[in-house]
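For reference, the structure discussed in these notes is given below.
The values are calculated or read from the model by the stated rules, or taken from the named source; none is laboratory data. What you see is a predicted model, and the numbers here were worked out from it, not measured in a lab. Note that each Cβ is placed from the backbone with ideal geometry, even for glycine, and that neighbours are counted across all protein chains shown.
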Amino acid sequence: MKFVGPEPAIPNPPGLIRALLIEETKISHRRRWEELGSCRQTKEFLLDCNMQTTEFLLGMSRSNLRKVVGMLNLQLPSEQDED
């Protein structure tokens, strides 16, 4: 059996491909975050991407997430948010 081209004779394991994608995503996210000219206060608070915090926040409902973001921004909840 003859192999032609740059592909490896033995395929890469799915775990390696997943790890490479995750690492490339982190690098891309970090580069975009550093190049962003706005969000000064958020950048001061969130120094780096944290997967555990990200998963925790994405698991919340929108109303609870809104409350957390309001607390982090030192905003008092409005009467409408209390419902």
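Of all residues in the stretch 31-54, count the ones that are under 17 Å from LEU72 (Cα atoms) and free of Cβ contacts under 8 Å to residues at least 24 places away in the same chain.
Qualifying residue count for the region: 12.
Does the stretch 44-60 include one or more residues that are in a helix (DSSP H, G or I), of a type in the set (Phe, Trp, Tyr) and modelled with pLDDT under 75?
Looking only at the stretch 44-60, we keep the residues that are in a helix (DSSP H, G or I), and these are 44-45, 51-58.
In the following step, the residues that additionally are of a type in the set (Phe, Trp, Tyr) were identified as 45, 56.
From the residues that got through so far, the ones that are modelled with pLDDT under 75 too are 45.
Yes - at least one qualifying residue is present in the stretch 44-60.
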